[in-house]
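Engineer: Sharing a structure here in structure tokens format.
The values are calculated or read from the model by the stated rules, or taken from the named source; none is laboratory data. Predicted model only: the values in this text are computed from it and were never measured. Counting neighbours? That spans all protein chains shown, and the Cβs are built from the backbone with ideal geometry, glycine included. With ligands, DNA and RNA removed, areas are computed over all heavy atoms of the protein, side chains included. Shrake-Rupley method; radii C 1.70, N 1.55, O 1.52, S 1.80 Å.
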Amino acid sequence: MVIFKNLTQRFFPYGVFRKGKAVYLTFDDGPIPEVTPRLLEILDRYGVKATFFMVGENIDKHPEVFEQVFKAGHSIGNHTYNHLKGWDYSLQDYIDNVTKCQERLEEKGVKYERPLFRPPYGKATLAQRKALHQKGYEIVFWDVLTQDYNPTKTPAFMLRRIQRQTRPGSIINFHDSLKSNERMLEVIPQVIEWLQKEGYELAAL
Ligand SMILES: [Zn+2]
């Protein structure tokens, strides 16, 4: 796995795949009223802080859901304004879209020394990653992909995958989206209970 990590870092420089000793639950694509508030309730019930990589246009459409996440004290990162696949856009267009999302976040009081950014689909060109890194963003990928967006993957599949792949520092990728919705909400309590039983600290990035 060390070799895998080194190769990954070499081909994907300017990005983090794992961090420290805690385990990080991350949720992409919200905030949306159909899913995010129910997820917040579950996280609150277990006293867990997570990280939400938000799409800027969803923040503008659902400011009240944004506020719920923000007030609950979770970390909030940038997932572009329009959920762009980096490979399909010029460097300038991509950076502009990230900046537009970042302006929304900062207007609303989300301010970190190093703003968090996750490229939609995990796809951004080397030049895009380098430019964002130079602008001070921490680019966050993941090492555990639950595939909660895939309707053929059951909660039991997701739990087994997480149990097999999680280690100290793991960053686990979920989505608070309509595609993931019920299956994600069903598995989250099981994931949290398993992680806590195994003695992992659950932290926000
Ligand atoms: Zn996404």
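Engineer: Going through the range 171-205, which trypsin sites (Lys or Arg not before Pro) have at most 14 other Cβ atoms within 10 Å and a DSSP loop state? Spell out each step's value before the answer.
Structural biologist: Working: sites: Lys179, Arg183, Lys197; in loops: Lys179.
Counting only loop positions with at most 14 other Cβ atoms within 10 Å, the trypsin sites (Lys or Arg not before Pro) in the range 171-205 are Lys179.
Engineer: Of the residues Tyr112, Tyr24, Tyr81, which exhibits the maximal mean-square fluctuation in a Gaussian network model of the chain defined by a 10 Å Cα contact cut-off?
Structural biologist: Result for the chain, Cα springs under 10 Å: Tyr112 fluctuates most.
Engineer: Given the options Asp143, Asp96, Asp28, which has the most mean-square fluctuation in a GNM of the chain, springs set between C-alpha atoms less than 10 angstrom apart?
Structural biologist: Asp96
Engineer: Let me ask something else. Placing +1 at every Lys and Arg Cβ and -1 at every Asp and Glu Cβ, with all other atoms neutral, what dipole size does the chain have around its Cα centre, in debye to the nearest 20? It would help to have the intermediate numbers written out before the result.
Structural biologist: Values: 29 positive and 25 negative charges, 198 e Å.
The calculation lands at about 960 debye.
Engineer: Leaving out ligands, DNA and RNA but keeping every protein chain, what accessible area does Leu145 have, in Å² rounded to the nearest 10, with a 1.4 Å probe?
Structural biologist: Probe radius 1.4 Å; accessible area of Leu145 about 50 Å².
Engineer: Take each of the peptides 46-53, 158-165, average the number of other beta-carbon atoms within 10 Å over its residues, and list them starting from the highest. Please report the intermediate quantities before stating the final value.
Structural biologist: Values: 46-53: 19.2, 158-165: 15.9.
The most tightly packed comes first, giving 46-53, 158-165.
Engineer: In addition: Expressed as a whole number of Å, what is the distance separating the alpha-carbon centroids of the range 35-67 and the range 142-170?
Structural biologist: Here the two parts' Cα centres lie 20 Å apart.
Engineer: Which value, in Å² rounded to 10, gives the accessible area of His83 with a 1.4 Å probe and all protein chains present?
Structural biologist: My reading of the accessible area for His83 is about 50 Å².
Engineer: Among Asn150, Asn82, Asn181, which one shows the highest mean-square fluctuation when the chain is modelled as a Gaussian network with alpha-carbon springs under 10 Å?
Structural biologist: For the chain, modelled as a Gaussian network with Cα springs under 10 Å, the answer is Asn150.
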